[in-house]
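Nothing in this text is a laboratory measurement; each read-out follows from the coordinates by a stated rule. All values derive from a computational prediction rather than experimental measurement. Every residue, glycine among them, receives a Cβ derived from its backbone with ideal geometry; neighbour counts consider all protein chains shown.
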Amino acid sequence: MNITSINPYNQEEVATIKALNLDEIEEKLTRAQSTFKSWRKTPYKERSTHLINVAKELKKNKQEYAETMTREMGKPISQAIAEVEKCAWVCEYYAENSERHLGIKNIETEASKSYVRYDPIGVVLAVMPWNYPFWQVFRFIAPALMAGNIGLLKHASNVMQSAENIQKVFERAGLPKGCFQNMAIGSDRIENIVRDPRIKAITLTGSKPAGAAVASTAASEIKKSVLELGGSNALVVFDDCDFDATVQTCVQARYQNTGQSCIAGKRLLIEDKVYDKFLSAFAKAVTQLKSGDPMDPDTYIGVMAREDLAKELEEQLQKSISEGAKVLLGGHRHGAYFEPTIVTDVTPEMTIFKEETFGPVISITTFKTDEEAVDLVNQSDFGLGVSIFTKDEARVEKLIPLFEDGAVFVNDMVKSNPNLPFGGTKISGYGRELSSDGIQEFVNKKTVYIK
Ligand code: NDP
């Protein structure tokens, strides 16, 4: 069986990769396990040097890696280059900080010595999505390797050449073969791999059905998982916000990566006092976004990653219109291209408010009071993050504890940063990536007691 990726902009074939057979999967698992035995003993300094070399390789060939991502999933090339650069950042961050994150923690007891040490657990399987083909993988593999673990990747079928390229990054950077391996397989192979005793934990980024399937298999084998699933972040605009900056930030929060981001601001909640003025400025800014060939460095809105995903978004939009929502801007689809779209008069019962919209469509709702704003934010089954825009510091302090999300950003869009934990609540998943919290997810927190 072959896995083929098709350019969603022009329907040309990008790559055809032969799917692994059972013997080849076994070979990868064996190699991963044997590499673990030596990798776990390498000092932090050596691991750091390797990761710095990975960062150098990413920077050196960023154009090559970015172009493949753009061809495979339609991401504008300037955003693809920025993604590769961010991967270099996360490698450098963990190269510099992991020894500190995982340093021995002494705890005083009646023993002569007692402490906690953070030992590697072994081979970690990552099931990853297509929306940030490089970033999602590096966010997992940089801390995994620094902790002494080994990575095996099952990437989304539509970005398999990017997955092969990630393996190439590690080969070119000179890491031991087996530290990171891509497995070109379909998702039907995952269950048996999760059950394999050599796999010690699983991390998955993607949809709720994929997360539920993989995590329940993992749970039945008593294996730990981290899930980073969808989101429907709110952008809450109060009348005392820094107006122009807030307009620009909200546009970027929704439309970057052609709207295909779990932490995108999908529900724009505007205080009634500033509603008309803000909506008109927001719509004007959205009109100015340049759609076009994803390979053109000036393009801001590319095409969606697959036509079926664009069709799904269209269905959500049509359903919402039949429920009473109104299209202020855009609303049309041509193949995998979806116009930047603004939908007003949205209430919490509507599809577009309840479900995740994974493309360039924003829903607009208005509110009168702080309490109403908090209720609207929390009235989502998702809980990845929320942004609030206000100059009132007392309001900020009062509201932050009331949100149910995994992150609150004030006067900025929710974004990931290697220094900060990243993850959600409710059906957005569990566990954290990045920062010291991320690297501590897949380690054996070993208690040592010496009488
Ligand atoms: P999926 O969640 O289906 O795919 C993500 C990854 O999971 C892929 O590697 C996929 O492999 C794999 N996968 C899917 N089903 C299973 C399964 N039952 N067992 C094991 N692995 C599985 O995403 P889609 O591409 O279908 O996108 C659908 C929706 O998911 C989007 O519209 C969006 O709402 C959400 N999504 C969220 C992302 C996020 O960042 N949180 C990222 C991408 C999507 P394969 O490609 O071979 O099917």
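Some observations on this one:
- Dipole magnitude of the stretch 40-197 about its Cα centre (Cβ charges: Lys, Arg +1; Asp, Glu -1), debye to nearest 20: 260 debye
- Sorted by Cβ density within 10 Å, fewest first, the residues MET73, MET304: MET304, MET73
- Acute angle (nearest 10 degrees) that the helix 135-146 long axis makes with the longest principal axis of the chain, alpha-carbon atoms: 30 degrees
- Normalised contact order of the chain, rounded percent, pairs of Cα under 8 Å and 6 or more residues apart: 19 percent
- Applying 1/(1 + (r/R0)^6) with r as the Cβ-Cβ distance of THR287 and ILE400 and R0 = 45 angstrom yields a FRET efficiency of 0.85.
- For LYS451, the lysines whose Cα comes closer than 29 Å to its Cα, not counting residues fewer than 8 places off in the same chain, are LYS41, LYS105, LYS113.
- For SER216, net neighbour charge (Lys/Arg +1, Asp/Glu -1) across residues whose Cβ lies under 15 Å away: +2
- Eligible lysines near LYS59 by straight Cα distance, threshold 16 Å, same-chain separation 8 or greater: LYS86, LYS168
- Burial ranking of peptide ranges 346-354, 26-34 (average Cβ count within 10 Å, highest at the top): 346-354, 26-34
- The residue among GLY330, THR42, LEU376 whose Cα reaches farthest toward the positive pole of the charge dipole of the chain, with charges on the beta-carbon of Lys, Arg, Asp and Glu, is THR42.
- Qualifying GluC sites (Glu not before Pro) in the stretch 214-275, where qualification requires a DSSP coil assignment and no more than 16 other C-beta atoms within 10 Å, comprise GLU221.
- Of all aspartates and glutamates in the structure, the ones whose alpha carbon falls short of 15 Å from that of LYS45, not counting any fewer than 8 places away in one chain, are GLU92, GLU96, GLU99.
- Each stretch of four or more DSSP H residues adds -39500 (n - 2.57); spread over every residue of the chain, this sum gives -12500 deg cm²/dmol at 222 nm.
- Fraction of antiparallel bridges per DSSP, the stretch 233-417 only, in percent to nearest 5: 20 percent
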